[in-house]
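The values are calculated or read from the model by the stated rules, or taken from the named source; none is laboratory data. Since the model is a prediction, treat every value here as computed from it, not as a measurement. As a convention, Cβ positions derive from the backbone with ideal geometry for all residues, glycine included, and neighbour counts pool all protein chains shown.
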Amino acid sequence: MDPDVIDRLLLSGRWQRLQRGSYAVFTGPPPREAVLWAALHRAGRGAVLSYQTAAELSGLTDRPSSLIHVTIPVSRQAGFPGTVIHRSTRVQEACHPVLLPPRTRIEETVLDLAEVAATVDDAFSWACSACQRGLTTAERLSSAMRARKKLRWRGELSGGLADISDGAHSPLEQRYIRRVERPHGLPQARRQMQVIRRTRYSYLDNAYDAYRVSVELDGRIAHPDHRRWLDNQRVNEAAAEGRVTLVYNWADVSWRQCQTAWQISLALRRGGWPGAFLRCSPSCAVPGS
């Protein structure tokens, strides 16, 4: 089109500029998808949405990212306001084959976000959330990890994915498995065991069903305040059924793990567990029995 025609349409308000060379041919606030397409066109050939923006599109997060994240081939350069440009040698392999606007596959998105996570707990949270929301599986994430030559937190994530397969739904649950249950010789609990109470379903975080003992993990990240009353009700119902329910928070699992394990072992033995508490190390805070 003649540039003068475009200028008149923009001045009249019938069109609006989204990015250099990309225009919305309608009035009013542009929808999110139009904004994302404009960023992709500005970034050029081979660009795909990635990181937080791909997470937004896949349902891994519930809020739009303030900046648009775009990955381009490593051989190219780009950069413009409102976007974060990432460069990669494997854009084609990472891109979802059919979804539009073009974005990275969910497994690639999870690993990208884990790569830039500030802590290993944050990295694990992305993997855990993706699996918990039914967007992928631990096995598919493991396969995607093997396709990457370099990956931050590789060892920790590999172990974390094994814990997800074992039923861990949050960093707090993973810490319970790795710091409390396994190193102290406790039996393996059933994770997220489903029970039916008065025709409705409920779930127990860690159920040692043979010994009538349950361990609930009460973390504000894993259980927001508006759901805490449900957790309390679940504990009370378990007590009414004759099940011993022990409740622990992040500090109990992260820094008082030995005392926590010792207390659980006492409850299990009263329920008939034939095993014995193990010291996790020579400096274990509780003596063995």
Report yes if some residue within region 84-93 is outside the structural domain of Leu161 (by TED's automatic domain parsing), crowded, with 23+ Cβ neighbours inside 10 Å and either of a type in the set (Val, Ile, Thr) or at pLDDT 95 or above (or both); otherwise report no. no
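Residues checked against (1) in contact (Cβ under 8 Å) with a residue 40 or more places away in the chain; (2) closer than 26 Å to Leu135 by Cα; (3) not β-branched (Val, Ile, Thr):
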{"site": "Ile6", "(1), (2), (3)": "no, no, no"}
{"site": "Pro29", "(1), (2), (3)": "no, no, yes"}
{"site": "Gly44", "(1), (2), (3)": "no, no, yes"}
{"site": "Ser58", "(1), (2), (3)": "yes, yes, yes"}
{"site": "Arg76", "(1), (2), (3)": "no, no, yes"}
{"site": "Ser88", "(1), (2), (3)": "no, yes, yes"}
{"site": "Pro97", "(1), (2), (3)": "no, yes, yes"}
{"site": "Arg103", "(1), (2), (3)": "yes, yes, yes"}
Among (1) under 19 Å from Arg148 (Cβ atoms); (2) among the aliphatic types (A, V, I, L, M); (3) out of contact with any Gly (no Cβ under 7 Å at 6 or more places or on another chain), which single condition is Ile72 missing? (3)
What tally of residues in region 250-265 results from selecting those that are without any contact (Cβ under 8 Å) to a residue 12 or more places away in the chain and either in contact with a helix residue (DSSP H, G or I) (Cβ under 6 Å, 6 or more places away or on another chain) or assigned to a helix (DSSP H, G or I) (or both)? 2
Filter region 89-109 for residues that are assigned to a helix (DSSP H, G or I) and under 20 Å from the mean Cα position of the chain (by Cα); the one that is farthest from Glu56 (Cα to Cα) is Ala94
Members of region 95-109 that are of a type in the set (A, V, I, L, M) and within 15 Å of Arg45 (Cα to Cα): Leu100
Scan (1) surrounded by 15 or more Cβ atoms within 10 Å (Cβ to Cβ); (2) within 17 Å of Leu246 (Cα to Cα); (3) of a type outside the set (A, V, I, L, M, F, W, C); (4) without any contact (Cβ under 8 Å) to a residue 24 or more places away in the chain for the single condition Arg212 breaks and write down its number. (4)
For region 118-147, which residues satisfy the criterion of being buried (at least 17 other Cβ atoms within 10 Å of the Cβ) and assigned to a loop (DSSP other than H, G, I, E, B)? Leu135, Thr136
